[in-house]
Amino acid sequence: MNELVWEKRQFGHRARLALTPGQARLMDGQAHAARTMWNCLHDWWTMLPKDKRSLAAADAAIRQARKEIDWLAVLPAQAGQAVLKTYVQAWKHCWDGRAEAPNFKVRLRTVMSVDIPQGRDLQIKRVHRRWGMANIPKVGRVRFRWTKDLPVGKLANRENRITGARLVKDGLGWHIAFRVQTLESKPEPHAGPEIGIDAGVNLPLALSDGNHQDHGRPARLSDGTADRDKWLNPEEKTKLLRREQRAAHRKSFRKPKERSSNRLNRTYDQIKQLR
C-alpha cells in the first residue's frame, strides 16, 4: 500500500470589502502613498551611482522619507518594505532578461493597491455565514464577503495558514486578495501513456492519439428527454437551468416584433459563455 506524499500548495482568494466612507478614504491615501513611494524610490535609485546602490541604503532612505513627509507616513511600515521588495525584484527580473526596467507609476494608469506582507496582522475572524472580519493596518477592522473557507482560528497551523494579503481597487471598489498556503496530498504519478488534449468548440476534445471525442447524438435520460449538456458537470447544469429560466422569464415581457432588452441579451451571452 502506497503512503500518501504531502506537498505545500499556495493559491490566492479574492473577496470584496464592505468599507465605510472613512475607511475607503484611508485606503485610498495608503494606495497613493505606496505609488508615490515607488516613484521616489525609483528617482533616488536612478540618480545614485551604481556602486552606491544597495538594499540597506534604500531601506534607510525609505525610513527617513516616512519621518520627514507626513503624508507618506500614512502607509504602514510593512507595506513600505513590500514596495521596496517589489522594486528590487523588478530590477532582478530586468537583469535576468525576463522583463523591462521598472519605471515611474502614472496615477491614471496604475492600479491602486497596498500590500500586507504578514498574515498574522490580519487577525481574520468569521462573524457570519456570509461575512468575515479582517484587521487592516492603520484602517481598523473591516468586513469582507466570506465565499470560501479559509484556514483561520483553530484550522490554522504551520502548514495551513494565510501568509499575507493585498488590497486592490477596481471599478467595483476595494477587494482583498489573500495568499493562502495549504498542505495537500500529492497525486500519484500516472503509470499509463501520456496523451495531449486540445479542447475546442466544434470538436470538444482532440486527442494526440487520434481518438477524438465529438458531441455525438444526445443521450437519453431516464425520463426520455435528451441530455444535450453531457459535457457539463452537475453544478454547471444547475447554473445553466437557472439562466435559461431567467431568459424565459425576461422573454415573456417582450412584445411581438420588439427588440430584446439589454438584460435579456446579457442573459443570452451568459448562456453562450457557459455552453
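Side notes on the structure shown:
- Residue among Asp149, Asp121 that alone is under 22 Å from the mean Cα position of the chain (by Cα), within 16 Å of Ala82 (Cα to Cα), charged (D, E, K, R) and assigned by TED's automatic domain parsing to the domain that holds Lys85: Asp121
- Residue list for segment 63-104, filter: within 20 Å of Arg166 (Cα to Cα), crowded, with 16+ Cβ neighbours inside 10 Å and either at pLDDT below 90 or not assigned by TED's automatic domain parsing to the domain that holds Met37 (or both): Leu72
- Here the condition is being aliphatic (A, V, I, L, M), in contact (Cβ under 8 Å) with a residue 60 or more places away in the chain and either touching a Ser or Thr at 6+ places or on another chain (Cβ under 7 Å) or assigned by TED's automatic domain parsing to the domain that holds Ala18 (or both); of Ala177, Ala165, it holds for Ala177 alone.
- For segment 1-42, a residue qualifies if it is assigned to a helix (DSSP H, G or I) and among the basic types (Lys, Arg), and the qualifying residues are Arg25, Arg35.
- Of residues in segment 162-190 being charged (D, E, K, R) and at pLDDT below 90, the one nearest to the chain's Cα centre (by Cα): Glu184
- The combined condition, being surrounded by 17 or more Cβ atoms within 10 Å (Cβ to Cβ) and outside any loop (DSSP other than H, G, I, E, B), is not fulfilled by Ala60.
- Gly29 of a type outside the set (Asp, Glu), surrounded by fewer than 18 Cβ atoms within 10 Å (Cβ to Cβ), within 21 Å of Val142 (Cβ to Cβ) and within 28 Å of the chain's Cα centre (by Cα): yes
- First in segment 114-138 and aromatic (Phe, Trp, Tyr), second anywhere and outside any helix (DSSP H, G or I) and surrounded by fewer than 16 Cβ atoms within 10 Å (Cβ to Cβ), Cβ under 8 Å, 6 or more apart: Trp131/Ala18; Trp131/Arg145
- Test: residue in segment 54-66 that is within 24 Å of the chain's Cα centre (by Cα) and among the hydroxyl-bearing types (Ser, Thr, Tyr): no
- Whichever residue in segment 194-238 is β-branched (Val, Ile, Thr) and assigned to a loop (DSSP other than H, G, I, E, B) and, among such residues, is modelled with the lowest pLDDT: Thr225
The values are calculated or read from the model by the stated rules, or taken from the named source; none is laboratory data. Remember, predicted model here, so these are calculated numbers, not experimental data. Quick reminder, even Gly has a Cβ in these numbers, built from the backbone with ideal geometry, and neighbours come from all protein chains shown.
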